[in-house]
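Every number here is computed from the coordinates shown, using simple stated rules; none is lab data. Since we're looking at a predicted model, the values are computed, not measured. As a convention, Cβ positions derive from the backbone with ideal geometry for all residues, glycine included, and neighbour counts pool all protein chains shown.
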Amino acid sequence: MASIKYRIKSKSSNASIYLKLSLGRGRVFEKKTDYIVDYSKWSFTKGMPKQNEANEKKLANKLRSLTKYILEQVNESISNGEDINFNWLEYHIGIHLKKITPENQTDYVTDSIQNIIDTANLRTNQNGGMGLSQSRINDYSALLRIFKEFQGKKSIKIVEVDGPLATNFLNFLVNEKKYSKGYAKRLIGNLKTVCYDAAFNGLEVSNQLKKIKGGKIKNEFIIFLTPEEIQKIKKAKLVTPYLNNARKWLLLGCYLGQRGGDLLSLSEKNIKMVEGVNVIQLTQQKTKKHVTIPIFDEANEVLNAGFPRKISTQKFNEYIKKVCAIAEVDEPTEGNKFDKKSKRNIKDIYPKHKLVTSHICRRSFATNYYGVIPLHLLMKITGHSSEKSLLGYIGKSSYDYAKETINFMEKLKSNNQNSKVIPLKQSQP
């Protein structure tokens, strides 16, 4: 049976009052309320203000009201099969104290965006846990800032987000702000999410909302290192230790197939022995997937010289451009390069080494090992959830697939010529 007690933890005139919810053995949750009390006016035996004065009586009534509300919500959540935890308790304390009021939010777009930011720690994330990631919160903060600039002095309502408005917003993002098409579509997708969240909270939305297209677009440029370029990087003469260290991370990345953040967080502790085979085990930061990667001979060759030193992603991106320049990875390549002056990506044809970033590691692995490692195993290593997402990620052209098909057919033809063909028996009439 659920029970609630209150306590204070300091001996001050403004001691915070904590609520402790007990649901049974091992299920005790405690969170701070916004209520404060003078230490000398608190009854430690009763867990309540002493109520000798009017203010303490009023405070005690507020605590009883909070107790009643929380216990009602406990019963409702249990009947609905909801999980009750620290975040649940913090949320409902906030609702009762009117710190969080999603059901009463205004019908303006900017207020609905702000509501998501304010309640980010209580929202379900893409991994099924509670609490949006900091990068996701940053996405909504950017949307709030950009949408305020878009609407100007007019306050746009949720119901006004329809097809024409989405088109105008997209035009503003691409043609006025000069954002990339991919980032612009991502902002449109986030705006749709805000509108759906507002609808969930009882606000009216446009019947055109479903038809607004947002989200990701197909990668325009897929930059990866070919096996020949990787060999050039291996053989390049580097005289400075920091570039040698960056090269080791780059080569490891091309053999392990992980995102930059996951790659650069690796250490000797990630190396394990599984059934006589050396592997690297990690949990991917973005997807929370547990990944086990066999250490191929090429990766083992790099590690035999010692694990590379820790380095930031920013420095890694800077140094590997220098490494690839020295290795003469300079094939003219179309891509987007960040321009510091305009603070925008500029599409043009550059020497390939100018387009190299940490993302090239995972792309190179996926592209170079596609067709070599069985597809389901390759996806387990890279963390792609579907073949479609993997194929849209790798740098294979229709010409590459056609060439692979021709090679396969020639191999098949050669095998047939070298094998004895046994004719099928004709069935008797």
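Scan around residue 130 for amide H atoms under 5 Å from its own, H built in the peptide plane at 1.01 Å from N, and keep only partners 5 or more places away or cross-chain.
Answer set, sorted by chain and number: 125.
When only C-alpha pairs under 8 Å and at least 6 residues apart count, what is the relative contact order of the chain, in percent? Write down the numbers at each step before the final one.
Numbers: 533 pairs, mean separation 43.5, N = 429.
Relative contact order, the chain: 10 percent.
Need the list of lysines near residue 9 for cross-linking: C-alpha distance under 19 angstrom, and skip anything on the same chain fewer than eight residues off.
Here the lysines satisfying the reach criterion relative to residue 9 are 20, 31, 32, 41, 46, 50.
Packing-wise, with mean Cβ within 10 Å as the measure, how do 284-290, 35-41 rank, highest first?
Numbers: 284-290: 13.6, 35-41: 15.7.
Top to bottom by mean Cβ count within 10 Å: 35-41, 284-290.
How would segment 104-211 be classified by its alpha-carbon gyration tensor: rounded, prolate or oblate, with rounded meaning a/c under 1.5 and the a/b versus b/c comparison settling the rest? Intermediate results must be reported in sequence, preceding the final value.
Numbers: a/c = 1.66, a/b = 1.24, b/c = 1.34.
Oblate.
Mean separation of Cα pairs under 8 Å and 6+ residues apart, divided by the residue count of segment 3-96: what relative contact order is that in percent? Could you put the intermediate results ahead of the total?
Values: 119 pairs, mean separation 20.3, N = 94.
It comes to 22 percent, rounded to a whole number.
Using alpha-carbon pairs under 8 Å, 6+ residues apart, how would you state the relative contact order of segment 104-211 in percent? Show your work: numbers first, answer last.
Working: 103 pairs, mean separation 33.5, N = 108.
With pairs under 8 Å counted, the relative contact order is 31 percent.
What is the distance in Å between the Cα centres of segment 365-380 and segment 1-41?
First find each Cα centre; the distance between them is then 54 Å.
Give the order of 259, 362, 309 when sorted by the count of other beta carbons within 10 angstrom, beginning with the fewest. Can you show the working numbers first?
On the way: 259 20, 362 25, 309 12.
Fewest-to-most ranking of 259, 362, 309: 309, 259, 362.
Within a Cβ distance under 12 Å of residue 350, other residues only, what is the Lys/Arg minus Asp/Glu net charge?
On the way: positive: 321, 337, 347, 352, 354; negative: 330, 331, 334, 339, 348.
Overall, the nearby charge balance is 0.
Take the Cα atoms of the chain, find their three principal axes, and give me the spread along each one in whole Å, biggest first.
Largest to smallest, the principal-axis extents are 99, 79, 58 Å.
Which value, in debye to the nearest 20, describes the size of the charge dipole of segment 229-372 about its Cα centre when Lys and Arg Cβ atoms bear +1, Asp and Glu Cβ atoms bear -1, and nothing else is charged? Please list the in-between numbers first.
Values: 27 positive and 14 negative charges, 154 e Å.
For segment 229-372, the charge dipole is close to 740 debye.
Sort 333-342, 206-215 by the packing proxy (mean of other Cβ within 10 Å over each peptide's residues), most packed first.
Values: 333-342: 11.7, 206-215: 14.0.
Top to bottom by mean Cβ count within 10 Å: 206-215, 333-342.
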